[in-house]
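Enquirer: What follows is a structure written as structure tokens; I'll ask about it next.
The values are calculated or read from the model by the stated rules, or taken from the named source; none is laboratory data. Bear in mind that the values here come from a model prediction, so they are computed numbers and not experimental data. Don't worry about glycine lacking a Cβ; one is built from the backbone with ideal geometry, like all the others, and counts go over all protein chains shown.
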Amino acid sequence: MQVKLTDRINRIAASPTAAVVAEAEKYKAKGIDIADMGVGEPDFPTPDHIKRAAIRAIEENKTKYTSTPGIMPLREAICSWHKRELGSSYEPKESVVNVGGKHSIFNVIGVLIQAGDEVIIPAPYWVTYPDIVKYSGGTPVHVATLPEDGFSVKAAAIEKAITPKTKLMIINSPSNPSGAVVPTPEYEKILALCKKHNIWLMSDECYSHFVYAPHKSFSISSVAGAKDNVIVVGSVSKTFAMTGWRIGYVLGPEALIQAVSKLQTQSTSNPTSIAQYAALAAMTGTMDTVPVMLAEYAKRRKRILELLRAIPGVTCVEPGGAFYAYPNVSAHLGTGPSHRAKDDIELAKLLLEKAHVAVVPGAAFGTPGYLRLSYATSIERIEEGLRRIERFLVRAESAS
Ligand SMILES: Cc1ncc(COP(=O)(O)O)c(C=O)c1O
């Protein structure tokens, strides 16, 4: 029988980052050593006290359905944590727990966006936003950012993109893939625009705790009067090295939270009970692993920038946060004899095939000519990966 799919599913593509990870896995399965800078997840283990809380939850038979929006102690803990760490003032009824931050975003867009709605997304953007918007029937509207601004979006650029159809904008600071951090005064101007034009502002804070000095962790929800327009999306994935546990959350107006919970009652039901107890331990326990990870990422950021900038024809903006470098490799792209690939998509493919390095092409993030390199991997692997990239780009040498 022919599989006739909906227009809805045909409007979207599979995540390009997931595709890179899957491709790299094929090589690894053949025993090929891949310098993997494709994957966007901490290479640190989940802290012990969090793992122990999960084991305890299993032993205490906390293995049944929970309330759909999450266990109340976790919702309380998320609100207290967000207040303590980022200065907001949410109550548990203004919170809902989801199956990872990606699911939180999917749910929020699912209840807010429909055909005819426009969603402003600064580029480069996290690969998933435009596809979720399209799946909901909405139209993504991209706003360009500039490398000379560190890819940080400007309120003035956003204002030009606002139309009567604009319903939502998504700000991801620090950003995946560029590491851009929106300075607080600029963010406040963006909020003022949202208020003026009656637009929702989704603040994706998945990397909130990975910011490098002089930047500081910041949530726009902490600004007086912001809560009417702001929807916070957060996750334990990166902050607590818990990507596989799949716990994210939304903080926002009660009516929106109720709608997200309603959608969840008809889809996933509650997030995994055991993972919720682990997240509870994360949110209420020591955070001493966070500065340790941040210090390590800071060292890696310095090293990867040195190595990238030493490659002729490669430029790279210093990321203010997250754990990605986003170099411009366009000097190596084109059809001339000294060019190594026609575009960044082909280059990423060749780097995997010939140089055995996994990276994600900038086209996936709406900005061709770039590559995203995750430095959530050891300095040794970063050095090896960059050696291979340099050999391939400059000396036209392959790994094997
Ligand atoms: C910008 C951004 N938002 C949200 C997420 C979602 O993370 P998770 O679903 O693991 O919570 C990611 C993960 O890579 C991300 O990079």
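Enquirer: Just one of P42, P47 is in contact with a Phe, Trp or Tyr (Cβ under 8 Å, 6 or more places away or on another chain) and at pLDDT below 95; which is it?
Expert: It is P42.
Enquirer: Hey, can you tell me all the residues within the range 105-151 that are of a type in the set (A, V, I, L, M), more than 24 Å from Y249 (Cβ to Cβ) and under 16 Å from the mean Cα position of the chain (by Cα)?
Expert: Result: A123, single match.
Enquirer: I'm trying to understand the selection: among the residues of the range 86-109, which are among the aromatic types (F, W, Y) and closer than 12 Å to V230 by Cβ?
Expert: Y90
Enquirer: What residue, among those in the range 261-290 that are more than 14 Å from the ligand (Cβ to nearest atom), outside any helix (DSSP H, G or I) and of a type outside the set (G, A, S), is surrounded by the most Cβ atoms within 10 Å (Cβ to Cβ)?
Expert: Across the range 261-290, the extreme among qualifying residues is N270.
Enquirer: Here's a follow-up. On the given criteria, is A14 within 16 Å of the ligand (Cβ to nearest atom), out of contact with any strand residue (DSSP E or B) (no Cβ under 9 Å at 6 or more places or on another chain) and part of a loop (DSSP other than H, G, I, E, B)?
Expert: In short, yes.
Each row is one residue, and each column tells you yes or no for (1) among the basic types (K, R); (2) within 22 Å of E383 (Cβ to Cβ); (3) surrounded by 20 or more Cβ atoms within 10 Å (Cβ to Cβ); (4) in contact with a Lys or Arg (Cβ under 6 Å, 6 or more places away or on another chain).
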site	(1), (2), (3), (4)
A322	no, yes, yes, no
P327	no, yes, yes, no
S338	no, no, no, no
D344	no, no, yes, no
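Enquirer: Specify the residue that is nearest to E306 (Cα to Cα); the eligible residues are those in the range 333-390 that are part of a strand (DSSP E or B) and of a type outside the set (G, A, S).
Expert: L373
Enquirer: Mind telling me which of the residues A341, A355, A322 ends up being within 19 Å of A19 (Cα to Cα) and in contact with a strand residue (DSSP E or B) (Cβ under 9 Å, 6 or more places away or on another chain)?
Expert: Result of the check over A341, A355, A322: A355.
Enquirer: Out of (1) without any contact (Cβ under 8 Å) to a residue 24 or more places away in the chain; (2) assigned to a loop (DSSP other than H, G, I, E, B), the odd one out for E318 is which?
Expert: (1)
Enquirer: Which one is farthest from the ligand (Cβ to nearest atom), of the residues in the range 244-260 that are assigned to a loop (DSSP other than H, G, I, E, B) and either over 22 Å from P42 (Cα atoms) or β-branched (V, I, T) (or both)?
Expert: Selected residue: P253.
Enquirer: Within the range 173-215, can you find the residues that are of a type in the set (A, V, I, L, M, F, W, C) and away from the ligand (no atom under 16 Å from the Cβ)?
Expert: Residues satisfying the conditions are I190, L191, A192, L193, C194, I199, W200, A213.
Enquirer: Say we look at the range 216-229 and pick out the residues that are within 16 Å of the ligand (Cβ to nearest atom) and not hydroxyl-bearing (S, T, Y); which of these is nearest to P291 (Cα to Cα)?
Expert: The residue in question is F218.
Yes or no, residue by residue, for (1) in contact with a Leu (Cβ under 6 Å, 6 or more places away or on another chain); (2) under 30 Å from Q276 (Cβ atoms); (3) surrounded by 19 or more Cβ atoms within 10 Å (Cβ to Cβ):
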{"site": "I171", "(1), (2), (3)": "no, yes, yes"}
{"site": "C194", "(1), (2), (3)": "yes, no, yes"}
{"site": "S203", "(1), (2), (3)": "no, yes, yes"}
{"site": "A224", "(1), (2), (3)": "no, no, no"}
{"site": "V230", "(1), (2), (3)": "yes, yes, yes"}
{"site": "G234", "(1), (2), (3)": "no, yes, yes"}
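Enquirer: OK, next. As an exercise: evaluate T239 against (1) within 16 Å of the ligand (Cβ to nearest atom); (2) outside any loop (DSSP other than H, G, I, E, B); (3) buried (at least 23 other Cβ atoms within 10 Å of the Cβ) and give the number of the one condition it does not meet.
Expert: Going through the list (1) within 16 Å of the ligand (Cβ to nearest atom); (2) outside any loop (DSSP other than H, G, I, E, B); (3) buried (at least 23 other Cβ atoms within 10 Å of the Cβ), T239 breaks only (2).
Enquirer: Moving to a separate point now. Any residue in the range 174-196 that is part of a strand (DSSP E or B) and in contact (Cβ under 8 Å) with a residue 12 or more places away in the chain?
Expert: No; the residues of the range 174-196 include none that is part of a strand (DSSP E or B) and in contact (Cβ under 8 Å) with a residue 12 or more places away in the chain.
Enquirer: Next question, about the same structure. When you go through S267, S237 one by one, which is the residue that is in the same structural domain as V96 (by TED's automatic domain parsing) and in contact with a Ser or Thr (Cβ under 8 Å, 6 or more places away or on another chain)?
Expert: Every option except S237 fails the conditions.
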